[in-house]
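Reviewing the structure listed below.
Just so it is clear, none of the values below were taken in a lab; they were calculated from the coordinates. Because the structure is a prediction, the values reported are computed rather than measured. Cβ: placed from backbone, ideal geometry, glycine included. Neighbour counts: every protein chain shown.
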Amino acid sequence: MARLLYRLGRFAAHHRVLLVGIWLVLVILAVGSVKTLGAKTNNSLTLPGTDSQAAFDLLAEQFPPQQNGSSAFVLHVDDGRLTDDRYKPAVDATFHAIKANPAVDSVRNPVGKNAEIAGIISDDERTGQMPVLLNVGTGFITTELAEEVLRATAPARRAGIEVAVGGPIGSVLSSPETQTSEVIGNISAMVILALVFGSLVAMVSAKRISHGSAKAVLETMVAEGADPETVVREQGLEQISDSGELEKIVEAAIEANPGPAEQVRSGNEKAIGALVGAVMKETRGRADGGEVNRLIKKSLGS
């Protein structure tokens, strides 16, 4: 795995312009596909077999579109009453404007007949509720539709009436806009990931760590989210850079393994593997295999 990552990193480093071009083309294709085909999603949720789903289905069958849920438009004045002459025409105009929207199935007027009986106006008549029922399912209410219905309350707001909305429409309107922050977050994550893995590949290229150590570093990075520099330092994985120290370890390995050493002197290069293994064991994999090989051959005159 480490060798594959090394080759991949080296290829990317040597073909930077090509890879950037490929990524740009892929991004353009992805954006174009979304623009052409559309990213159609909805918030519909079904829970088959549950009591709530059974109630929802019953409402849809017997009392449509009650299953969509009502959105309460609350109107309030601090000075006077909603039924006063200066407010009532604006409330009536708002009622008719909302009712005219094709997506609205029904709406109640808090200053209309039987408002008190319906419980949609307070005893002091300063606060009224205008329940709006859409013929569109909750999961299909778009921001554009919610804003369109809210704009119908303009007569009330111009008259100085405070307007607030709850229910499904209110939920859509109060949803925070996270698309930009998500894009920034994803780009940042990609940059950080590229830098982190680039650091690991650079360590291998500079022979600061061996391929075997790179695998251990990568596993720790994935498991703990640590950066490669910290992992190498804490686990002592950096390769031995002191040639004098490495030569001493090689000489000790040769003395401790006279059989394989003699075979190498006799021309059997396959036997060098035993000596390399002894050095790697002594250094716990912190020695560069190629350098160890060179030093052994140099010492044995092969």
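Quick look at the numbers
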| quantity | calculated |
| --- | --- |
| For segment 243-300, convex hull of alpha carbons as volume per residue, Å³ | 64 Å³ |
| 11 Å beta-carbon shell around Ala90, net charge (K/R +1, D/E -1) | +1 |
| Spherically averaged projected area in nm², based on the convex hull that wraps the Cα atoms of segment 65-174 | 6.4 nm² |
| Net charge of Cβ neighbours under 15 Å - reference Ala156; Lys, Arg +1; Asp, Glu -1 | +2 |
| Among Ile272, Gly244, Ala256 - extreme Cα towards positive end, dipole of segment 243-300, charges at beta-carbon | Ile272 |
| Neighbourhood charge, 12 Å Cβ-Cβ cut-off, centred on Arg233 and excluding it, Lys, Arg +1 and Asp, Glu -1 | -3 |
| Separation in nanometres of the label points that stand 7 Å from Cα toward Cβ, at Arg284 and Val31 | 5.0 nm |
| Charge-dipole axis of segment 65-174 as Lys and Arg at +1 and Asp and Glu at -1 on Cβ define it, positive-most pick from Gly160, Ala100, Gly80 | Ala100 |
| At most 16 other Cβ within 10 Å, DSSP loop - trypsin sites (Lys or Arg not before Pro), segment 86-183 | Arg86, Lys113 |
